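J.: This is the structure I have questions about; it appears just below.
Values in this text are rule-based calculations from the coordinates and carry no lab data. If you're wondering where the values come from, they're calculated on a predicted model, not measured in any experiment. When we count neighbours, we look across all protein chains shown, and the Cβ atoms used for this are built from the backbone with ideal geometry, even at glycine.
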Amino acid sequence: MARKRVTQHVDSAQADEMPTVPIEVHRASTSFDSPKAISATCRFGEPWVQGGRKAITQGFGAWTQFSTKLVRRWGWYPKVEPYAGYGTDDYSRLVCRTVLAPGGSRSGELMRGIRGMLAVPAAGVRVKIEIDGVPVNQVQVGVSEVYDRYDSSRKTSWEYAVSDSAGYLDLVAERGNTPGIHVVSYQVAGRRKVTSELFVVPVGAKVGIITDVDDTIMVTHAPSPVKAAYNLLLLNPKKRSTVPGMSALFTRLADMMPDAPFFYLSTSPWNVESSIRNFIAEQGYPAGPLLLRDLDPRPKTFVPSGVEHKLQFAEQLMEDFPDMKFILIGDDGQKDPVTYATIARRYPGRVLAIAIRELSPRESSALGRVAGLTATQPMPVTDVPVFTGTTGANIMKTMLPYLRNTLGIQ
């Protein structure tokens, strides 16, 4: 197994030297609220599409109300599920979710996907947040107040932030942080503090890696709905398989570019974040934040397609790190070639290389196992160099020499 990348942690001595004045946060300004994402709302599309989305939205709301009342009777109360954040020396992006859970429930525990998918959101919960022990001055952030009815309990406070109708909090904290991994703690009434990692990218980092997860580093058989559903919902997360050679490729990239951050992008929902995060650590991939999606079909976010989701997050990273160039890694089973070509076209000069792992007919579809056919996508048409291979070793042979030459690495 490839050795794990060692990342600097901020120790307690460093934390003690940091200022103890409260950290201010503000509304998270993301590309999800831009005109580019407007087509994903329920207000657009053919009448039958609008009607279908409205029905699903109402059904989701009814299920949420029913499940909330049920688990409240069982004595469940809010807890925080913390997710890894990322930032620079100027600011940090923090994400967490409040859900209802029994008293003995632990945050971030490894579980089968079906349990995570049945999580009941806890809306409008007050959350206290600290970065390295320094309290954050909260305001109500995110965009939930634009789409939900006004709630006076959401007004500005200097002690806590309030989760939205799906339990999510998306914060931007303005504070200078040293490069490395910091600790963010979250706490709600009646629960102990829970923590997550905050990956602070060095100012001098010129290259970042945006990588897909499903069938790029972890075998999920995403093009096959039945297999994908089984792997996501029922498979023991400890039995997930890694794509051959990809861990070694990522380790070599980390050795070549020690300051390069890794951003893991998946169309899986936040509900299974702990399973993917555990897989990344166990298989020796470089540590980094996960960028997953919210399956709450509110009018604002109505379940975007995989392409829309990846484009939105990639564009967000382009905006968050305007001086950084990126290496895009994916597979040809979920339209990654088209998505990455679109990113390269929209941001000329910002993409150094594209790596596409080629799925076998057996991986791509049930039909492929019988007829040797494939449901994969064609390679992108772009000016950016594209490197392909069925394994990480295949990609490594051609892409690494190119990167060394381009970046002047000996």
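J.: Mind ranking 328-340, 203-215 by how tightly packed they are, going by the mean number of other C-beta atoms within 10 angstrom, highest first? Could you put the intermediate results ahead of the total?
T.: On the way: 328-340: 25.1, 203-215: 20.0.
The most tightly packed comes first, giving 328-340, 203-215.
J.: Just order 383-395, 274-286 by mean Cβ neighbour count inside 10 Å, highest at the front, would you?
T.: The peptides rank, most packed first, as 274-286, 383-395.
J.: Provide the gained length on full extension for the span Lys397 to Val381, in nm with one decimal, where the gain is 0.36 nm per separating residue minus the Cα-Cα distance. Could you put the intermediate results ahead of the total?
T.: Working: separation 16, 0.36 × 16 = 5.76 nm, distance 2.16 nm.
Here the segment from Lys397 to Val381 would lengthen by 3.6 nm.
J.: How would you order 79-87, 313-321, 95-103 from highest to lowest mean count of nearby Cβ atoms within 10 Å? Write down the numbers at each step before the final one.
T.: Details: 79-87: 23.8, 313-321: 19.4, 95-103: 21.0.
Those peptides, ordered most packed to least, come out 79-87, 95-103, 313-321.
J.: Here is a further query. Enumerate the calculated ³J(HN,Hα) couplings along the stretch 75-82 in order (Karplus 6.51 cos²θ - 1.76 cosθ + 1.60, θ = phi - 60°), each rounded to whole Hz, writing x wherever the residue is Gly or Pro.
T.: Using θ = phi - 60°, the values come out as x, 6, 8, x, 9, 10, 9, x Hz.
J.: Rounded to the nearest 0.05, what FRET efficiency is calculated for Glu282 and Trp48 with R0 set to 51 Å and r the Cβ-Cβ distance? Mind showing how you got there, number by number?
T.: Numbers: r = 44 Å, r/R0 = 0.87.
Efficiency computed from Cβ-Cβ geometry: 0.70.
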